[in-house]
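Participant: Structure provided below as structure tokens; questions to follow.
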Amino acid sequence: MSANFNPQFSKLGEILVNNGKATESGVNEALAQQKTTSDKLGVTLIEMGVIEEDDFTTAYSQQLGYRKADNFILLEANSSVAALIPEDFARENRVLGISKNETTIVVAMEDPEDVVTIDSIKRLTNLNPDILVSGPSLLEKSLDKVYGDIQKTAEVAETIDSITVVSGEEGSQELVDLSPDKASDADAPIVRLVNLIFIESIKERATDIHIEPMEKQIYVRIRVDGVLQIIMTPPVSSLGGLVTRIKILSNLNIAEKRLPQDGRFSIKSPGKDIDIRVSILPTIYGEKVVMRLLDKTGFDFNLTSLGFPKRNLGTFKKVINQPYGLVVVSGPTGSGKSTSLYAALKEIKSERTNITTVEDPVEYQLDGVNQIQVFEDIGLTFGSSLRSILRQDPDVLLIGEIRDAETADIAVKFALTGHLVFSTVHANDAPGTITRLLDIGIAPFLVGSCLNLVMAQRLVRKICEKCKEEYIPTKEELALVGLDSSKVTGPLYHGKGCTECRNTGYKGRLAIFEMIPMAKDLRKLVYNNANEDEIRESAVNNGMINLRDAGLERVFDGTTSIEEILRSTVEDL
């Protein structure tokens with residue numbers, strides 16, 4: 001903006017031109033069209049595509065001398081403050097309460113010169129309005145989100161009343177009532193707080209809950225689409241009650257605060273059946289709690305919806321329909337390994353096939369599949385379960401994880417005696433999975449004989465469709481993934497951030513894959529106990545696309561971003 005330019009004494013079109021958001025010819029064209037429509041100039045300019053709504057809001061706020069309510073401010077609107085203004089009034093008069101202090105309420109308005117509405121806000125709240133300017137569509141989305149959250153919060157008590165918990169003791173079906181009405185007056189606030197954490201986590205599709213004590217406050221974070229985000233910061237004084245409540249639900253020792261403890265319990269509510277695995281670890285500021293949420297009520301994925309590209313989908317379907325052999329999926333915790341194997345079972349299950357799984361934990365319940373939950377405390381281990389399964393006439397077997405020599409030995413023997421075996425291994429990539437199997441203790445000639453396919457995978461976040469926009473990456477950004485601008489032939493995208501995606505720019509996830517079908521030359525390398533580099537070179541020669549390149553394909557088709565691929569994969573050196 002020019003140093004001598006005063007927007008408060010200028011017309012809207014002049015401000016937009018001065019800001020570099022419009023040209024004089026564009027403004028004049030809009031003025032001419034405005035005469036036939038009677039719309040405001042800003043609306044006309046936006047409809048003509050001359051400016052974006054955000055450009056108009058910036059110019060309008062400069063003209064009136066008010067602050068602008070950007071996306072982040074509206075996203076962080078305090079629901080309790082917004083609730084001071086009735087929803088019908090807020091929608092009719094285009095106003096949203098953001099925050100307040102003892103004398104002032106901060107509100108976002110589409111028209112800050114609407115003195116009648118401002119006077120009504122004063123009477124409704126007994127506070128002086130501090131006005132921010134917001135664009136119409138952004139304000140509409142924010143009203144939907146904030147009042148939607150208020151409505152859900154009002155339904156929390158009813159939801160809590162319908163929730164029961166199965167106690168954490170293995171095999172126990174004792175029901176623990178979560179309702180605050182059944183707690184003592186002293187305990188009720190803690191019970192409500194724990195329930196709210198669960199309900200918010202389930203609503204946001206979280207996979208993990210972290211309760212982390214710090215020196216001055218507690219951070220409650222949930223993992224959504226693989227990334228942690230803070231949902232609340234209770235006072236440090238509530239830590240003891242929170243941890244004790246979770247220990248009671250998990251059947252853990254509430255008096256033991258010096259040693260780690262692990263437990264479990266299940267939440268049962270209308271339409272949801274969620275198994276919660278609890279880990280408690282002592283830290284310098286108190287006990288940290290991490291809870292893994294497993295929604296067991298339904299499995300609605302298939303091989304296509306997981307994100308398999310066409311070149312891999314045909315190969316994977318061919319391998320999983322083989323009558324025998326071993327299929328191994330690798331990746332870190334939370335990379336979707338089990339989900340891919342469940343999708344494979346869903347693809348091949350039929351009334352003619354006896355499918356049995358041994359898992360810890362059982363993450364989804366599949367109709368038509370015999371699923372066994374490992375309980376190591378009573379001696380029901382992977383090894384003991386697998387030895388018994390052999391007498392159950394299985395055709396297909398899923399082993400939750402190959403983690404030791406005994407489990408690996410049984411899996412190989414199953415695969416070599418006419419059974420199709422699926423399992424997972426913790427390894428960084430597909431070539432490393434083969435060497436990991438050898439490292440566990442399986443003889444090279446057995447690995448080479450039974451292994452049909454190895455697949456490594458990662459989950460990457462998808463760009464939010466609501467705020468997806470084209471952008472031009474910098475040379476430095478491209479260099480980080482080994483590209484130069486000449487290799488980028490089409491547009492790239494990122495998420496701007498909106499209320500729909502909690503201002504992250506991402507919503508939902510899909511998998512990227514690195515797949516090695518076991519060709520003859522690869523089997524020969526394994527027989528000869530070749531190292532990982534030799535296996536990788538042979539796999540690439542046979543057409544393997546590594547994880548980084550598989551991710552870049554999804555960048556180029558507009559599904560995800562360079563930032564996300566850098567977060568999830570490493571470059572092959």
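Participant: Val555 versus (1) assigned to a helix (DSSP H, G or I); (2) β-branched (Val, Ile, Thr); (3) over 21 Å from Thr569 (Cβ atoms): which is the lone unmet condition?
Facilitator: (3)
Participant: Look at segment 204-230 and say how many of its residues are touching a helix residue (DSSP H, G or I) at 6+ places or on another chain (Cβ under 7 Å) and open to solvent by less than 20 Å² (accessible area, probe 1.4 Å).
Facilitator: 6
Participant: Among the candidates Asp88, Asp119, which residue alone is modelled with pLDDT of 85 or more and out of contact with any strand residue (DSSP E or B) (no Cβ under 6 Å at 6 or more places or on another chain)?
Facilitator: Selected residue: Asp119, the only one of Asp88, Asp119 that is modelled with pLDDT of 85 or more and out of contact with any strand residue (DSSP E or B) (no Cβ under 6 Å at 6 or more places or on another chain).
Participant: When you scan segment 218-229, do you find a residue that is on the phi > 0 side of the Ramachandran plot and either modelled with pLDDT of 90 or more or of a type in the set (Gly, Ala, Ser) (or both), even just one?
Facilitator: There is at least one residue in segment 218-229 that is on the phi > 0 side of the Ramachandran plot and either modelled with pLDDT of 90 or more or of a type in the set (Gly, Ala, Ser) (or both).
Participant: Can you list residue pairs whose Cβ atoms sit under 8 Å apart, with the first residue in segment 317-341 being assigned to a helix (DSSP H, G or I) and the second being among the β-branched types (Val, Ile, Thr) and open to solvent by 10 Å² or more (accessible area, probe 1.4 Å)? Count only pairs 6 or more apart in sequence or on different chains.
Facilitator: Cβ pairs passing all conditions: Ile320/Ile348.
Participant: For segment 16-36, state whether one or more residues are outside any helix (DSSP H, G or I) and in contact (Cβ under 8 Å) with a residue 40 or more places away in the chain.
Facilitator: Yes, segment 16-36 has at least one match.
Participant: Filter segment 80-89 for residues that are open to solvent by 40 Å² or more (accessible area, probe 1.4 Å) and more than 14 Å from Glu140 (Cα to Cα); which is nearest to the chain's Cα centre (by Cα)?
Facilitator: Checked segment 80-89; the qualifying residue nearest to the chain's Cα centre (by Cα) is Ser80.
Participant: Would you be able to say whether some residue in segment 489-500 is aliphatic (A, V, I, L, M) and out of contact with any Gly (no Cβ under 8 Å at 6 or more places or on another chain)?
Facilitator: no
Participant: Of the numbered conditions (1) of a type in the set (Ser, Thr, Tyr); (2) over 29 Å from Ile231 (Cβ atoms); (3) buried (at least 21 other Cβ atoms within 10 Å of the Cβ), Thr57 fails exactly one; give the number of that condition.
Facilitator: Against the list (1) of a type in the set (Ser, Thr, Tyr); (2) over 29 Å from Ile231 (Cβ atoms); (3) buried (at least 21 other Cβ atoms within 10 Å of the Cβ), Thr57 comes up short only on (2).
Participant: Continuing with this model, one more query. Sort out which residues of segment 201-230 are out of contact with any Ser or Thr (no Cβ under 6 Å at 6 or more places or on another chain), hydrophobic (A, V, I, L, M, F, W, C) and closer than 20 Å to Leu281 by Cβ, and write them in order of number.
Facilitator: Ala206, Ile211, Met214, Ile218, Val220, Leu228, Ile230
Participant: Here's another thing I want to ask about it. If you take the residues of segment 365-386 that are in a loop (DSSP other than H, G, I, E, B) and open to solvent by less than 40 Å² (accessible area, probe 1.4 Å), which of them is farthest from Arg292 (Cα to Cα)?
Facilitator: Looking at the filtered set, the residue picked out is Val369.
Participant: State yes or no: is Ile472 open to solvent by 20 Å² or more (accessible area, probe 1.4 Å) and among the aliphatic types (A, V, I, L, M)?
Facilitator: Judged against the criteria, Ile472 is a match.
Participant: Further, regarding this structure: Provide a single number: the residues in segment 300-343 that are crowded, with 19+ Cβ neighbours inside 10 Å and touching a helix residue (DSSP H, G or I) at 6+ places or on another chain (Cβ under 7 Å).
Facilitator: Counting residues in segment 300-343 that are crowded, with 19+ Cβ neighbours inside 10 Å and touching a helix residue (DSSP H, G or I) at 6+ places or on another chain (Cβ under 7 Å) gives 10.
The values are calculated or read from the model by the stated rules, or taken from the named source; none is laboratory data. Predicted, not measured: the structure shown is a model, and the values here were computed from it. Don't worry about glycine lacking a Cβ; one is built from the backbone with ideal geometry, like all the others, and counts go over all protein chains shown. Please note that ligands, DNA and RNA were not included when accessible areas were found on the heavy atoms of the full protein model with its side chains. Shrake-Rupley method; radii C 1.70, N 1.55, O 1.52, S 1.80 Å.
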